[in-house]
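Novice: I have a structure I would like to understand better, so I am pasting it below and will then ask my questions one at a time.
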Amino acid sequence: MRAFGRAHPIWTAILGVLALALLYLIFAVWPEWLIDAIGRKKVFLNALFNGITLGGLYFLVASGFTLIFGLMRNVNLAHGSLYLMGGYIGYFVADWTGLWLLAFPVAFVVVAIVGVLMQIFVFRRMEGEDLRQTLVTIGISIVLADLMLWSFGGDFYNITPPEWLSGPLETGLVTSERVRRSGEVVTSYLKYPMVRIVIFAASVVIGIAMWLLLNKTRVGMLIRAGVDDRDMLSATGARIQLVFVGVFAFGAGLAGLAGVVGGTFQSVAPGEDTRFLLASLVVVIVGGMGSIPGAALGALLIGLAEQFGSVYFPTYAVVLTFLIMVVVLAFRPQGLLGRS
């Protein structure tokens with residue numbers, strides 16, 4: 001951060017002012033003129049929290065995608081189908097067993113196995129052939145989407161969390177204050193769904209664990225070395241194919257796990273695979289290929305853009321997402337935290 005501040009003093013000052021303004025909007029009691037200009041503080045805070053938690057969901061999907069696409073250079077356009085598959089698996093596991101937490105490991109393992117099969121029988125046979133990988137995985141995604149539509153129909157499925165996560169949590173953030181005739185000041189506080197906060201916290205833990213795995217362990221060193229120079233690493237005796245199968249399985253499993261999260265946040269339905277594949281592509285482009293912190297930053301920006309756009313600019317909500325991507329590509333083509 002100090003190096004960035006010395007290299008870009010103007011941008012540092014701008015970011016500092018924006019951070020102070022955001023802190024004021026979150027913690028201060030809004031005056032009437034600000035409410036007239038922006039709207040109720042409760043609406044703003046809900047959009048902010050929804051954007052952050054949606055960013056956590058996008059990160060879970062995009063982090064697996066950035067491992068497969070950004071690090072391994074495998075163009076897997078069936079990643080959205082893996083997300084949707086995990087959502088369906090998680091719904092039926094939670095529905096049949098009544099155990100919401102059990103849906104996560106089951107979806108992770110099943111979708112990871114599908115990822116292993118894809119890596120062995122598809123990607124290993126066409127390494128370095130981006131166009132073939134693109135066309136084949138598009139075909140796989142279409143087949144998987146039709147099979148899931150045939151199996152589960154076109155209904156919307158919602159994964160119900162346990163009772164201890166179903167209620168709201170009082171955040172302590174003031175949304176409004178009003179004075180009664182008696183002179184008593186009545187303060188209203190923001191309440192937010194407990195399940196969203198818990199799942200977002202879990203996504204933060206997963207992100208930190210992934211960063212530590214890639215940057216502070218021997219396995220992470222092998223992965224990064226295999227991406228940079230696969231032949232040299234193979235010459236040292238490392239079983240690079242086994243490492244890559246494991247990475248692909250982990251990335252696919254994360255997509256399946258994210259499907260359970262998405263089914264709990266929103267719903268599982270046909271078409272969600274395309275939506276989350278597109279979101280993953282945008283997040284990876286904005287954040288930078290192969291960068292876990294970049295995926296987190298990109299997911300946060302896209303999640304906030306979607307939620308604030310839907311609240312304050314409903315007509316142009318979709319445009320905001322792509323506007324961010326265009327600006328990043330124009331000024332930093334490798335992504336915000338990507339390597340040159």
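Novice: Taking Ala296 as meeting all but one of (1) modelled with pLDDT under 90; (2) open to solvent by less than 50 Å² (accessible area, probe 1.4 Å); (3) aliphatic (A, V, I, L, M); (4) more than 30 Å from Gly153 (Cβ to Cβ), write down the number of the exception.
Specialist: Result: Ala296 fails condition (1) only.
Novice: Right, next: Name the residues in segment 162-198 that are open to solvent by 30 Å² or more (accessible area, probe 1.4 Å), under 19 Å from Tyr91 (Cβ atoms) and not hydroxyl-bearing (Ser, Thr, Tyr), would you?
Specialist: Hits for segment 162-198 are Pro162, Glu163, Pro193, Arg196, Val198.
Novice: Anything in segment 69-97 that is open to solvent by less than 60 Å² (accessible area, probe 1.4 Å) and either of a type in the set (Phe, Trp, Tyr) or in a loop (DSSP other than H, G, I, E, B) (or both)? List them, or say none.
Specialist: Phe69, Met72, Asn74, Val75, Asn76, Leu77, Ala78, Tyr83, Tyr88, Tyr91, Phe92
Novice: Kindly indicate whether any position in segment 100-120 is under 22 Å from Arg275 (Cα atoms) and aromatic (Phe, Trp, Tyr).
Specialist: Looking for residues that are under 22 Å from Arg275 (Cα atoms) and aromatic (Phe, Trp, Tyr), one finds at least one in segment 100-120, hence yes.
Novice: How about segment 116-224: which helices (runs of 4 or more DSSP H) wholly inside it have at least 1 residues that are in contact with a Gly (Cβ under 7 Å, 6 or more places away or on another chain)?
Specialist: 130-152, 194-216
Novice: What helices (runs of 4 or more DSSP H) completely inside segment 271-340 contain at least 1 residues that are of a type in the set (D, E, K, R) and under 14 Å from the mean Cα position of the chain (by Cα)?
Specialist: Filter on segment 271-340 gives 272-287, 292-312.
Novice: Find the residue count for segment 29-73, including only residues that are among the hydrophobic types (A, V, I, L, M, F, W, C) and either in contact with a Lys or Arg (Cβ under 7 Å, 6 or more places away or on another chain) or over 18 Å from Ala296 (Cα atoms) (or both).
Specialist: 12
Novice: So Phe244 clears everything in (1) modelled with pLDDT under 90; (2) open to solvent by less than 30 Å² (accessible area, probe 1.4 Å); (3) under 15 Å from the mean Cα position of the chain (by Cα) except one condition, right? Which one?
Specialist: Result: Phe244 passes all but (3).
The values are calculated or read from the model by the stated rules, or taken from the named source; none is laboratory data. Note that the structure is predicted; figures quoted are calculated from it, not measured. Note that we place each Cβ from the backbone using ideal geometry, even for glycine, and neighbour counts take in every protein chain shown. Side chains are part of the model used for accessible areas, which takes the heavy atoms of the whole protein and leaves out ligands, DNA and RNA. Shrake-Rupley method; radii C 1.70, N 1.55, O 1.52, S 1.80 Å.
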